[in-house]
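Accompanying notes for the structure given below.
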Amino acid sequence: MKIPDLLARGDLVDLRPPPQRTSVAEGASWGAARTVEAPELVRLLTLSNDDPKWTHLPLRLTGAKVVGSLDLSHAVLTRPLKLRMCYFEKPIILKYARADVIFLTGCHVPGIDAYSLATRSEVRLNDGFTSTRTVNLDGASIGSQLICRGGSFSDDDGPAIEAPGLDTGSTVFFDQGFRARGQVSLLGARIGYQLSCRDATFTVSEGTALLVDAATTGGSVHLDRGFCATGEVNFRGARIGGQLNFRGGRFTNRDGFAIAADGITVAGKVLLDENCIVLGETNLAGAQIKNNLQLLHSTFSNPDGTAVRIDRANIGADAAFSGAVLTGRVALSGGGVQISGDLKFNDRFTANGEVDLSGARIGGNLDCRSATLAAPEGIAMKLTRSEIKKDVRWFGATLRGGLSLDFAHVGRWYDSITAWPRKNDLRLNGFTYAFIHAEPTITVKQRLDWLRRDKEHFVPQPYEELAAAYRREGHSQDAVKVQVSAQWQRRLEVRRPKDWLILRLVRIAWSALLRVTVGYGFRPWQIVGPIAVLFLFGWWWFSRAEAQGLINPPTNLEGEVTFHGARYTADLLIPGAGIGERARFIPMGAAAHMAVAYTLAGWALAAMLIAGLVGIFRRS
C-alpha cells in the first residue's frame, strides 16, 4: 500500500531504515523511498469530516523527507498532526491555522510561520527538534502546553523564537537541553501555568536573549538547574503568579543588564541563590515581590556600574543576601526600597562597592553580622533617611569606607569597632535610635571617638542623641560625659577663617576653664576642685609671703594680731566672707598683686558656680 494511503487511514508510517542511525540533519540526502510530498500531507490534514476517506485518527509519519511547502495557512486541520524525525526542505506555514494538536518531535525545519495559530491542545517542538530559521508564534493561542524540551532553535539574522502575545492554557517548556541561538521573545505572553527554562541555553551576540517583558504567568517561572543566558534576560513589567526561580543559573551581559526585571510583580519568592552567577547588572527596581527576595551564596558582578538594583522595590517578607558577593561601582542600589521583614547581609556577605539604602524602609532587622563592605574611595554603606524598625547588627562586620547615617532612624544599634569607618568617613547628623551597644563592650570614651569621626567634625545632634540613649539606659554619668564632650567640641569648632588668628587661643582657654570648673554647667560641683587647689596654694603662698615681710598689720592697729594663711586666703577667695583678715593685714609688692588676683578669682569662680547651677553654659 502506498504511503499516502497508509497515512490516510491513520497508520503509523516509519520510513527509517534499520539500524535507524541516520541523523535528521542529513535528511537532504535521503532518497525517494523516504520522500513525501508536502501538498499530499496538506490534503490529508484538511479532508472534510464528511469525506469518505476522512478519519479521526492522527496523521502519524516518522523519518520522512518532506519536499515542497507544507502550507496550512488559514486551514482547519481536521485530524491531529504528529510528525517525528522528519526533514523539511522548506518552512512550515501555519498562519491562522486551526488544529487540535501539532507534534513535530525531533523534526528538522528551516523555520515555522505560525502567526495566530490556534490549537485546542498541545504544540510539541521537542526531543531533538531543530529549526535553522525563526519559529514565529506571534499571537498564537495554544490550548494546553507548548513543549520545546530538548529543541534547538536558531537564526543567524533574527530571533530564534518570535512569540509576542502568545497565549497558552498551561506550561511553556523551554527546558531539558533546550538551546536557542537568537532572541526568544515572549513579549506580552499569557501563560496559564508555568514557564520552565531549566537546563536551557539562550545565546545572542548582542541585545536580549530572552524577552518576557510584560508577560503574565499563572504559576512559577524557572530559569534554574543549568540555565545559561548570554545576553539580557528581560522580565520588565511581567506578572508572575508563583515563584521567580533563578537558582544556580548563569547570566552574562557584561555591557548592560544581565537580568532586567524592573517593575515586575511576583506573587511568591524571587530566588537568585544556590551559586547563581550574574555578570552584568541585575535590575529589580520597582519590583513588587509578595514573599522573600533571596540572593544567597551567589555572585553578582558589574565592575563599572551597579551590580544589583532594588530601588523602590516592595518586598513583602525578607530580603536575604547572606553569603553573596556583590561587585560594582555600586554593589547594591536600594534607594527607597520597602522591606516588610529583615534585610540580611550576614554569613560572610561581601560588597565590593557602595551599598546605597537611602530612604529605605525596613520593617524588621538589618543584619550585617560577619559582613565585609568595602568602598575605600567612597561610602561603603549609605543609610541616609532610612528607617529600620528593629535592630541593626554589625557584630563581627568589617567596614572599609564611609558610613552615612544622616537622618536615619533605627530601633536598636549594635556595632563593633571593626565596623567603624575612618575619621571623616562617618555622617551622623539627624541619626536617631532607642538603644546603642557594642560587642565587645566599649567605654564612653571609645563611643565619643566614634562620634568624632563625623565628616562634619561637630554637629550637636549626635551628642544629644547619644546622651539621651545613655540616660534611657540609666547611665546618667555616661550621659554627662557625652554632654561635656559636646560642649568642648562645640567651642573648638572653627566657623570663620579669622578665628584661627584672633579667637582660637582665647576660645580654647575659656573652654578649658569652663570644662575644668563647672563642666559647662553639667558638673557644677567640679568647681570645688579648683577652689580647693587655689585655697591650698594661697595658704602656702601667703604664709610664705608673711614670713618674708610682704604682709604686715597696719601701724594704727591696737593690740597684737596673729597672721593665719588659711583664714587670709579664705577671706580673699570667698566673696563677702566677712572674716576680716583683709582689714588686719596689708600686703605689699608681689603679695598685693596676688591678693588682687585671688579676689578677682574668687568673684569669677562664684560667678561660674552660679552660672553653672542655673545652666547658662549648657548650650546646644
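The values are calculated or read from the model by the stated rules, or taken from the named source; none is laboratory data. Predicted model only: the values in this text are computed from it and were never measured. Heads up, the Cβs are rebuilt from the backbone with ideal geometry, glycines too, and the neighbour counts pull from every protein chain shown. Just so you know, the surface numbers come from the protein's heavy atoms only, side chains and all, with ligands and any DNA or RNA stripped out. Shrake-Rupley method; radii C 1.70, N 1.55, O 1.52, S 1.80 Å.
Could you count how many residues in segment 39-51 are assigned to a helix (DSSP H, G or I), touching a strand residue (DSSP E or B) at 6+ places or on another chain (Cβ under 9 Å) and surrounded by 14 or more Cβ atoms within 10 Å (Cβ to Cβ)?
Count: 4.
Does segment 411-423 hold any residues that are open to solvent by 60 Å² or more (accessible area, probe 1.4 Å) and modelled with pLDDT under 95, and which are they?
Within segment 411-423, Ile417, Thr418, Arg422, Lys423 meet the criteria.
Only one of these conditions is not met by Gly328: (1) touching an Asp or Glu at 6+ places or on another chain (Cβ under 9 Å); (2) not in a strand (DSSP E or B). Which number is it?
(2)
If a residue must be open to solvent by 10 Å² or more (accessible area, probe 1.4 Å) and in contact with a Ser or Thr (Cβ under 8 Å, 6 or more places away or on another chain), how many such residues does segment 334-346 contain?
4
One line per residue, one yes/no per condition, for (1) assigned to a strand (DSSP E or B); (2) open to solvent by 40 Å² or more (accessible area, probe 1.4 Å):
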{"residue": "Arg348", "(1), (2)": "no, yes"}
{"residue": "Gly364", "(1), (2)": "no, no"}
{"residue": "Pro376", "(1), (2)": "yes, yes"}
{"residue": "Ala380", "(1), (2)": "yes, no"}
{"residue": "Thr384", "(1), (2)": "no, no"}
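Results for (1) surrounded by fewer than 18 Cβ atoms within 10 Å (Cβ to Cβ); (2) of a type in the set (Val, Ile, Thr); (3) closer than 30 Å to Arg120 by Cβ, shown as yes or no for each residue.
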{"residue": "Arg198", "(1), (2), (3)": "no, no, yes"}
{"residue": "Ser205", "(1), (2), (3)": "yes, no, no"}
{"residue": "Thr208", "(1), (2), (3)": "no, yes, no"}
{"residue": "Leu211", "(1), (2), (3)": "no, no, yes"}
{"residue": "Gly241", "(1), (2), (3)": "no, no, yes"}
{"residue": "Lys269", "(1), (2), (3)": "no, no, no"}
{"residue": "Leu272", "(1), (2), (3)": "no, no, no"}
{"residue": "Leu293", "(1), (2), (3)": "no, no, no"}
{"residue": "Ser298", "(1), (2), (3)": "no, no, no"}
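Of all residues in segment 52-65, how many are open to solvent by less than 50 Å² (accessible area, probe 1.4 Å) and at negative phi?
Residues meeting the conditions: 7.
Restricting attention to segment 592-605, which residues are open to solvent by 30 Å² or more (accessible area, probe 1.4 Å) and either modelled with pLDDT under 75 or among the aromatic types (Phe, Trp, Tyr) (or both)?
Trp603, Ala604
Does Asp127 satisfy being in a loop (DSSP other than H, G, I, E, B) and buried (at least 24 other Cβ atoms within 10 Å of the Cβ)?
no
Picking from Arg198, Arg236, which residue would you name as being closer than 17 Å to Leu271 by Cβ and touching a Gly at 6+ places or on another chain (Cβ under 8 Å)?
The conditions single out Arg198.
For segment 389-405, enumerate the residues that are surrounded by 18 or more Cβ atoms within 10 Å (Cβ to Cβ) and of a type in the set (Ser, Thr, Tyr).
The one that is surrounded by 18 or more Cβ atoms within 10 Å (Cβ to Cβ) and of a type in the set (Ser, Thr, Tyr): Ser404.
Exactly one condition in (1) surrounded by 19 or more Cβ atoms within 10 Å (Cβ to Cβ); (2) under 26 Å from Gln176 (Cβ atoms) is not met by Asp262; state its number.
(2)
Within segment 180-195, restricting attention to residues that are open to solvent by less than 10 Å² (accessible area, probe 1.4 Å) and assigned to a strand (DSSP E or B), which residue is nearest to Ser220 (Cα to Cα)?
Going through the qualifying residues, I end up with Leu195.
For Asn424, indicate whether it is at positive phi and of a type outside the set (Gly, Ala, Ser).
Here the answer is yes, as Asn424 does meet what is asked.
Only one of these is open to solvent by less than 20 Å² (accessible area, probe 1.4 Å), at pLDDT 70 or above and more than 27 Å from Lys481 (Cα to Cα): Gly538, Gly549, Gly589. Name it.
Only one candidate passes the filter, namely Gly538.
Looking only at segment 424-451, which residues are in a loop (DSSP other than H, G, I, E, B) and surrounded by 20 or more Cβ atoms within 10 Å (Cβ to Cβ)?
Asp425, Leu428, Phe431
State all residues of segment 164-179 that are part of a loop (DSSP other than H, G, I, E, B) and either among the acidic types (Asp, Glu) or open to solvent by 10 Å² or more (accessible area, probe 1.4 Å) (or both); if no residue qualifies, say none.
Scanning segment 164-179 gives Pro164, Gly165, Gly169, Ser170, Asp175, Gln176, Gly177.
Hey, among the residues in segment 1-25 that are farther than 23 Å from Leu47 by Cα and without any contact (Cβ under 8 Å) to a residue 60 or more places away in the chain, which one's least open to solvent (accessible area, probe 1.4 Å)?
Leu15
Only residues that are touching a residue at least 12 places away in the same chain (Cβ under 8 Å), more than 21 Å from Arg133 (Cα to Cα) and loosely packed, with under 13 Cβ neighbours inside 10 Å: list them for segment 26-38, please.
Ala33, the sole residue that qualifies.
Collect the residues in segment 26-50 that are modelled with pLDDT under 90 and within 23 Å of Leu94 (Cα to Cα), keeping them in residue-number order.
Within segment 26-50, just Asn49 meets the criteria.
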